[in-house]
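Contents: one structure, followed by commentary.
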Amino acid sequence: MGALIVYLAFWVVAAYLIGWLVGRAAKGRGHDADRWFWLGFFLGPIALIALLAAKPGSGAPGADLEVTDTSYPDFDPAVTPILEVRGITKTFPGVIANENVDLVLNKGEIHCLLGENGAGKSTLVNVIFGLYHPDAGSIYLRGRQLEFKGVRHAISQGIGMVHQHFQLIPVLTVAENVILGNELTTGPLVDIGEARRRIREIGEKYGLEVDPDAKVGDLSVGEQQRVELVKALFRRAEILILDEPTAVLTPGEVDEFFAVVRSLVDQGKSIIFITHKLREVLAVADHITVLRGGKVAGSADPATATQQTLANLMVGRDVVFRVEKGEARPGRAVLSVHDMCVEDERGVQTVSDLSFEVRAGEIFGIAGVQGNGQRELVEAVTGMRRKVAGSVEILGEDATRFKPRQITELGTAHIPEDRTKHGLVGPYTVADNLVINRYHKAPYSRRGVRNQAAIHDEAAVLVEEYDIRTPSVDVPVHTLSGGNQQKVIVARELSGDIGVLIVSQPTRGLDVGSIEFIHQQIIGIRDRGAGVLLVSAELDEILSLSDRIGVLYRGKLVGIFDAASTTREQLGYLMATGSTPDTEEVAS
Amino acid sequence: MTERERGTGGRLGRALGGLRRSLVEGFKLQPVLVPLYAILLSFVVGGILIAIVGANPFKAYYWLVQGMLGGWERVASSIARSVPYIGSALALAFAFRAGLFNIGAEGQLLVGGIVAAWAGTWSWMLEVPGVVAIPVILIAGAAGGALWGFIPGLLRATTGAHEVISTIMLNWIGLFMVRWLVNSRDPIILRDAAASVPRTRPITPTGILPEIYDSQPTLHWGLFVMLAVCVLVAYVLKRTNFGFETITVGLNPHAAHYAGMSVNKIIILSMTLSGAFAGLAAAGEVSGMGATQPYQPGHFITMGFDGIAIALLARGNPIGIIPASLLWGALLVGAPLMQQQAGVSIDIVRIIQSMVLLFVAADAIVRFIFRVRSDEGGAFQMSEEVTL
């Protein structure tokens, strides 16, 4: 609406100017200035639009983009790699993000870039995409050196990127999002019809069907990702960089996504695929490059590599894959939820009639695709969100109406899903964050006055005990790495007398080393007799930690299984569909 | 510490850089560099403006400083003028720390002032000594301001109504309510029927704060009241659980909720306290100036808005508010002499003050010109570099 007003205002001003000019010219020749003014006012803009529309070239779709195939006549994909990265070094103040990194991408190949968080994967692709200017090194595109002239240049040379966090505007339609920044125009008007046609064309060609007129905000995450791909292809990308594309997808969507990726490669596109999921790497890659600490740790051939060898390359040492876990010895129920219903911010009921029990000394895992009510479930149980109906009993007390602090006082610990939003106060020191759930109690404060010395001492002990890598307990917690931030939360929540532990996505975005540590801690607290409610979107995590598994689908528990007697496939199917296959009766 | 040393060229440049570094490190100036440079820059730009209108900026500034500090009486005036600004800036700064933008200091001053003026005319007040009367007036004023802060706090906590909107609206409600209370002749509410201009009746003589220096305006003990409040607020924020909770809610309300703090309680309390600070400042004025000047509705106009600038200049630090307010009051006191002697309009001071606010708010300009590195966790960090 605002844009429309500006647009109309522009034309009124333009019309007025034309009218004024025409009127003045007429007056100079002795004609009636007023009449000529109105003539110019009404006819001028029409003439101007016609003129602009007729201007050759300006209306052609994607006119400002070079067509990359023809601009490299001497490029032979059989001999020359389509993209070659040589000796890229990029430093940020105090950090070497990339050191002498080489990478070769052949045409029509899927090249997986594997590495832990902070290994320099994102930095490398950002250099290729023109977001960063490297300190040293060069990039050859189809055998010719690529100039580092920014993102627009990289796009014009046929490089496209799909970011982990989608760069889409939810209130606009698919077509509007796709053309944004690269509007097809007929004169001064946006040619949305042409854009629609090309989006459909791309959809048919690569199996990326999306409705150009759908609002992006109404689409599922998987569909939004397709829009991102269409956006890159619309800009005639030949090389596609996909940054952790599967992190947000359900197992079923991942399979569909891989099919699309393969069809892109079959049609001659080349793909750089960033991930830290070993299973996926082995499933799709033609080539694997592993980064560690900013350097190339090695390359691998997916035909011969195993998850174990890749993990060792990534971490630089032997990784224990199977979590060492003894038999569970479940006791009495410490957390029971009865017929609980919860609403989200919009007032939509996202958890309905949920009932389950967690017993002392067991880990109850809740599997499910993200957005099926996990967040609301955890927040309701921990007192952060009101329950519409039902009851919650914790360690024998009715905690249905308890506030977060009362629930903590009962002996409940909560490792939240979003560590920067809920778990930590970024600008606070490590020490303050380590006591943020008990700052109000002695010895950390007396009669309302804080005792810095006691806080400091406690922090020093926890940093030592949980091996938190920090220069001191007085640095702001947001300066730590993600793994160490999570360790701060784990240290705070697990120290003390814990009867119930509620954990949500405990290892999201963490490196293999930190994941190992946190898994051990969770099992440790179970073995000390606490009941653990584990919510995770990572099916592997659920399978390796849980003693019993519940599957959450659209806010309902659609099945509860013994971890020992269930399979990955069975759970995956249930997560995606909410029901078991007809052929297979699940006994539970 | 990565002090960026670009080739400023020549030995002089290096010597100046070294001087600056030793000054900054010797006096621990790093946290206040931006405000200091912002003030410097504003005076430079103000000087250019003065030159453009045809006066000599050095002469103008000489008389400005003379007006601010030339003689004890002028120093006393400068301090006296800045006392109420301490309260209005504190009202802003405290709410800032709780993540709230209290634009309502204007209304809170007005309401606090009228309640204090009314309390000063209660008939039983005439018979009690100063040790009772003065606290009663101050507390009444603080309570009036607190009420005007409590309402937007409550609205924010219960309905989510944004405090910027509700405090602005309450400013107007406060202004017209006070005008009506003071102006109304039929019925007479708080108007002094004997006076020719609309104003309240004089407060009880025992309720007048003792004078420190007979300047214009009077320097009175309200100064010490406001200084004590600044120190108290600094202590509460730094050392107490309530202060910790307030800052936590300001930095990350989600984490505060998760950690078991009552976010709504903190929002209501901090808005109420903010209002109380403004109300207290107004009560101090009513009580301190009671001998010469009964309450008039126009008295506090724009003081609340100036508080925004002062709080920003002090970067939300309650102790920093003291020098910032002093600068503010002194500039206003010094300006008339500059106009008299150098022929430069008083308004140039207002322009300089506005530019200080501009440069503090848009600190990237100052950091760019003076090459100040960005500090972590400043109370008013506007934006960090975009990281991709």
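Annotations for the structure displayed:
Here is a yes/no grid of residues against (1) within 12 Å of chain B (Cβ to nearest Cβ); (2) under 20 Å from A:Leu545 (Cβ atoms); (3) polar (S, T, N, Q):
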site: A:Ile455; (1), (2), (3): yes, no, no
site: A:Thr470; (1), (2), (3): no, no, yes
site: A:Asn484; (1), (2), (3): no, no, yes
site: A:Lys487; (1), (2), (3): no, yes, no
site: A:His519; (1), (2), (3): no, yes, no
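- Single residue of B:Ala161, B:Ala228 found to be more than 16 Å from B:Ala116 (Cβ to Cβ) and either modelled with pLDDT under 95 or outside any helix (DSSP H, G or I) (or both): B:Ala161
- Qualifying position, being of a type in the set (A, V, I, L, M, F, W, C) and within 28 Å of B:Lys238 (Cα to Cα), among A:Leu424, A:Leu354: A:Leu424
- Among the residues of this structure, B:Ala256 counts as one that is in a helix (DSSP H, G or I), facing chain A (nearest Cβ under 9 Å) and small (Gly, Ala, Ser).
- Check on A:Ala136, over 16 Å from A:Thr289 (Cβ atoms), among the small types (Gly, Ala, Ser) and either crowded, with 19+ Cβ neighbours inside 10 Å or modelled with pLDDT under 85 (or both): no
- Being more than 14 Å from chain B (Cβ to nearest Cβ), over 30 Å from A:Gly222 (Cα atoms), of a type in the set (Gly, Ala, Ser) and assigned to a strand (DSSP E or B) is a condition met by at least one residue of region A:320-342.
- Residue match in region B:106-120 (condition: of a type outside the set (A, V, I, L, M) and not in a helix (DSSP H, G or I)): yes
- Enumeration of residues in region B:177-209 that are closer than 19 Å to B:Ala140 by Cα, in a loop (DSSP other than H, G, I, E, B) and without any contact (Cβ under 8 Å) to a residue 12 or more places away in the chain: B:Ile189
- If you go through region A:306-362 and pick out every residue that is among the aliphatic types (A, V, I, L, M) and under 30 Å from A:Val296 (Cα atoms), you end up with 8.
- Condition check for B:Thr240 on (1) without any contact (Cβ under 8 Å) to a residue 24 or more places away in the chain; (2) more than 14 Å from chain A (Cβ to nearest Cβ); (3) of a type in the set (Val, Ile, Thr): one failure, at (2).
- In this structure, B:Gly174 qualifies as assigned to a helix (DSSP H, G or I) and touching a Leu at 6+ places or on another chain (Cβ under 6 Å).
- Among the residues of this structure, A:Glu409 counts as one that is assigned by TED's automatic domain parsing to the domain that holds A:Val475, acidic (Asp, Glu) and either modelled with pLDDT under 95 or surrounded by fewer than 22 Cβ atoms within 10 Å (Cβ to Cβ) (or both).
- Taking region A:158-177 as the range and being surrounded by fewer than 23 Cβ atoms within 10 Å (Cβ to Cβ), part of a loop (DSSP other than H, G, I, E, B) and either not hydrophobic (A, V, I, L, M, F, W, C) or not assigned by TED's automatic domain parsing to the domain that holds A:Gly108 (or both) as the test, the residues that pass are A:His163, A:Gln164, A:His165, A:Gln167, A:Pro170.
- Yes/no for B:Arg185 being more than 14 Å from A:Ile436 (Cα to Cα), within 14 Å of chain A (Cβ to nearest Cβ) and not hydroxyl-bearing (Ser, Thr, Tyr): no
- Condition check for B:Trp172: touching a helix residue (DSSP H, G or I) at 6+ places or on another chain (Cβ under 9 Å), surrounded by fewer than 17 Cβ atoms within 10 Å (Cβ to Cβ), farther than 16 Å from B:Pro294 by Cα and touching a residue at least 60 places away in the same chain (Cβ under 8 Å): yes
- A:Glu493 being touching a residue at least 60 places away in the same chain (Cβ under 8 Å) and of a type in the set (Asp, Glu): yes
- Restricting attention to region A:497-522 and to residues that are under 18 Å from the mean Cα position of the chain (by Cα) and among the hydroxyl-bearing types (Ser, Thr, Tyr), the residue that is nearest to A:His165 (Cα to Cα) turns out to be A:Thr507.
- Inside region B:244-253, residues that are assigned to a helix (DSSP H, G or I) and either surrounded by fewer than 20 Cβ atoms within 10 Å (Cβ to Cβ) or at the interface with chain A (Cβ under 8 Å from one of its Cβ atoms) (or both) make up a count of 4.
- Per-region count, region A:362-391, residues in contact with a helix residue (DSSP H, G or I) (Cβ under 9 Å, 6 or more places away or on another chain) and closer than 17 Å to A:Gly550 by Cα: 11
- Some residue of region B:29-41 being touching a Leu at 6+ places or on another chain (Cβ under 6 Å) and modelled with pLDDT of 90 or more: no
- Checking each residue in region B:299-317 for being closer than 27 Å to B:Ala117 by Cβ, at pLDDT 90 or above and either among the basic types (Lys, Arg) or assigned to a loop (DSSP other than H, G, I, E, B) (or both) picks out no residue at all.
- Against the conditions (1) under 24 Å from B:Thr246 (Cα atoms); (2) under 18 Å from the mean Cα position of the chain (by Cα), B:Gly153 satisfies every one except (2).
- Among the criteria (1) within 14 Å of another protein chain (Cβ to nearest Cβ); (2) under 23 Å from the mean Cα position of the chain (by Cα), the one B:Cys230 does not fulfil is (1).
- Candidate set from region B:259-274 (those that are more than 10 Å from chain A (Cβ to nearest Cβ) and hydroxyl-bearing (Ser, Thr, Tyr)); member that is nearest to B:Ala98 (Cα to Cα): B:Ser270
- Per the conditions (1) in contact (Cβ under 8 Å) with a residue 24 or more places away in the chain; (2) more than 21 Å from A:Phe258 (Cβ to Cβ), the sole criterion not satisfied by A:His287 is (2).
- The residues in region A:433-457 that are closer than 21 Å to B:Phe242 by Cβ and in a helix (DSSP H, G or I) can be counted, and the count is 7.
- The residues listed here are A:Val425, A:Val435; of these, the one that is out of contact with any strand residue (DSSP E or B) (no Cβ under 7 Å at 6 or more places or on another chain) and more than 9 Å from chain B (Cβ to nearest Cβ) is A:Val435.
- Within the set A:Glu393, A:Glu362, A:Glu379, the sole residue that is more than 11 Å from chain B (Cβ to nearest Cβ), in contact with a strand residue (DSSP E or B) (Cβ under 9 Å, 6 or more places away or on another chain) and either modelled with pLDDT under 90 or within 30 Å of A:Pro251 (Cβ to Cβ) (or both) turns out to be A:Glu362.
The values are calculated or read from the model by the stated rules, or taken from the named source; none is laboratory data. Quantities reported herein were computed from a predicted structural model and do not represent experimental measurements. Backbone-built Cβ (ideal geometry, glycine too); neighbour counts: all protein chains shown.
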